[in-house]
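Colleague: Sharing a structure here in structure tokens format.
Derivation of every value follows stated rules applied to the coordinates shown; laboratory data play no part. For clarity, every value in this text was computed on a predicted model and none was experimentally measured. No Cβ is skipped: glycine too gets one built from the backbone with ideal geometry, and neighbour counts run over all protein chains shown.
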Amino acid sequence: MSGTTTRLLVDPYGRDPLVVAYRERFAATCAWHTMSWRWVAVGLAAGVAGATAAGLAFPPPAGAAEALGTSQPLLLAWFCRPWVAQVGIWLAAVAASCQGVLVGPHLGKRIPAGQEPFWGAALVAVAHLLVYDRLVCLAVVTAVLCAVYLGAIVFRLLALVAGGRPGHRQAGPLAEPEGGWPLFTVLVPLYREREVASNILRSLAALDYPRDRLDVKFLLEGDDQETYAAIEAAGIPDWAEVLVVPHAQPKTKPRACNHGLERARGEFTVIFDAEDRPESDQLKQAVLAFRKLPERTACLQAQLAYHNHAQNLLTRWFALEYNQWFRRYLRGLVRLRLPIPLGGTSNHFRTAALKEVGGWDPFNVTEDCDLGVRLHLKGQRTAILESVTWEEANSRVGNWLRQRSRWLKGYLISHLVWTRNPFRLLLVLGPWSLAGFLLCVGAVPVLAAANLVLWGYAAIYLVQIARDLAHGFPLWELLSTRDYAEERHSWPMWFQGNDEDPVFASLSRIFFMATCALLLGNLLFILVAATAGRRPGQRGLLLAALLSPLYWVLISLGAWKGVWQFLFKPHYWEKTVHGLDVKKPGPG
């Protein structure tokens, strides 16, 4: 007997009714709206006003006009005590942010705009420092980034150390729980997966779970006749059905999953991608773990690993990254009680809890990360399931960049969505969880994009320092003074001397030490990749770990592509091609 096929329709206006309902219900936290440029402009204006007001509130000392070469009150206000103007900029940004939260841009429903003023104020702050002293501006901007990097490195190391404890897994025979095995819904979103459609059928058929307790739903797009033909030719089992979602926008995986969730009959729900090969007992392991865990544990995230890790250097890098992420990092976030950016597949949910939070945001291209935060904010928790789903690692750079740019764009969007009301986010999460959210979601795309800029800056600086050293200049004086300004090529990083502003001079010393710590931290992460990136049965990863900096360059390129798409195509789901692992080796 063959499974059924249901074709879902658009509404009279050609829209997907589930998307319309989601946008109306979750307007304040939906990624349909990503950034209000009007409120960025408000932040710009507030920053200018704040710097002016703060400067005028503190009269300039005697001789300030002569030192600056001007008697203009506004110029004195801005540049007599530059750090006072900076404080004024950021205080004004806080005030504008409060206004953005209370008023917000009205787009059908009120959407808070609490984070945009900070972006506008940041532009004013950088411009102010640039006019005051370009070297101070360069040092402060670079050092602030380095300080954030340092915080992210410390946070990542803390999570990796905390992730040494394994997740949930029952050893030995898996006894049927009281009341029997519950109905389990399996969602399989497919789009242009003709080449691998039959693979997921084989993987599902290999699951050790009663067939009459499976509710499998293949989720196809209305314009994807080729995948439907491939599924039909392979044979749709009677314990599965095909849902063809409405031919509408946005054409994203979370939109399709929401249609599957609406029709889910199971007590539990899991997502598997077309190329996934879950361990045969994974569903049973999930049921038994849920039975032991408290009701507020709404999600179990299984491990993801790559079966084609040895295909080339790129797949080895990808395997190292995934091994660290799923075998250590996510475990550590759970133990630290922080929001969990879920993986895109093999996450098992209590169906009722998933429906309560509205499912997935159809406009967010990393719906998994967004959902992990959404669950945490609702008081639900995620645990780690010690079961592996084997996937296919991208083996071609172009395909990998398409996937990584989408991920990083989605992380940036998730950050912007949840910081629309930063004060409420702080109140709900608390300082610790908020810091964790910022460092494991918001900082990821920002710092990845900043990598290329910092590496370029560092390369230029090292060349200039080398040239000056070759001409006999003392290293410490090159680093700490502006002496020999006419003859030298490099610039100082540690400001000292009577002519320096005392506040910026003190900050420069702190930032210089943070920069040195950052350099050591990068070396440490190569060691971390070589140790925490290992998985039993996977060999040949040591050389890839030593070459990790080259992989970081690729990640940075993906981040910049993601930033470009965020500006011009925020909801575009760039398709990842599967079926490129020509040898298709087995697990391990």
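Colleague: Quote the FRET efficiency, to the nearest 0.05, computed for T4 versus Y572 with a Förster distance R0 of 30 Å and r equal to the Cβ-Cβ distance.
Modeller: It comes to 0.40.
Colleague: Quick one: how many lysine pairs in the chain have C-alpha atoms under 16 angstrom apart, if they're 8 or more apart or on different chains?
Modeller: Close lysine pairs found across the chain: 12.
Colleague: Expressed as a whole number of Å, what is the distance separating the alpha-carbon centroids of region 118-164 and region 319-379?
Modeller: If we compute the Cα centre of each part, the gap is 27 Å.
Colleague: While we're looking at this one, here's another question. Starting from 0.36 nm per residue, how many nanometres of slack lie between R134 and A28 once their C-alpha separation is accounted for?
Modeller: 34.2 nm
Colleague: With both bridge residues required to lie in the chain, what share of the DSSP beta bridges run antiparallel, to the nearest 5%?
Modeller: Of all bridge pairs located within the chain, approximately 25 percent are antiparallel.
Colleague: Still on this structure, I have one more. What order do you get for K251, K575 when you list them from fewest to most C-beta neighbours inside 10 Å?
Modeller: K575, K251
Colleague: Mind ranking 26-34, 240-248 by how tightly packed they are, going by the mean number of other C-beta atoms within 10 angstrom, highest first?
Modeller: Sorting 26-34, 240-248 by mean packing, highest first, produces 240-248, 26-34.
Colleague: While we're looking at this one, here's another question. Could you give the nm distance between label points at R337 and A206, where each point is 7 Å from its Cα heading toward the beta carbon?
Modeller: 4.0
Colleague: In nm, what is the difference between 0.36 nm times the number of residues separating A234 and E487 and their Cα-Cα distance?
Modeller: 83.6 nm
Colleague: Give the label of the value calculated from the structure for semi-axes √(5λ) of the Cα gyration tensor in Å, choosing from (1) 42, 32, 20; (2) 49, 28, 21; (3) 45, 24, 22.
Modeller: Only one option fits the structure, namely (2).
Colleague: Just subtract the alpha-carbon distance of Q496 and F423 from 0.36 nm times their residue separation and send over the number in nm, one decimal.
Modeller: Between Q496 and F423, full extension yields an extra 22.5 nm.
Colleague: Using the count of nearby Cβ atoms within 10 Å as a rough guide to exposure, how do K292, K378, K217 rank from fewest to most?
Modeller: Lowest count first: K292, K378, K217.
Colleague: Hey, another quick one. At R0 = 56 Å, how high is the FRET efficiency between N522 and E178 if r is their beta carbon distance? Nearest 0.05 is fine.
Modeller: FRET efficiency, N522 to E178: 0.60.
Colleague: I've got another one for you. If you place +1 on the Cβ of every Lys and Arg and -1 on the Cβ of every Asp and Glu, how big does the dipole about the Cα centre of the chain come out, in debye to the nearest 20?
Modeller: 800
Colleague: Could you tell me the calculated FRET efficiency between L102 and R296, based on Cβ-Cβ distance and R0 = 41 angstrom, to the nearest 0.05?
Modeller: Taking R0 as 41 Å, the efficiency between L102 and R296 is 0.80.
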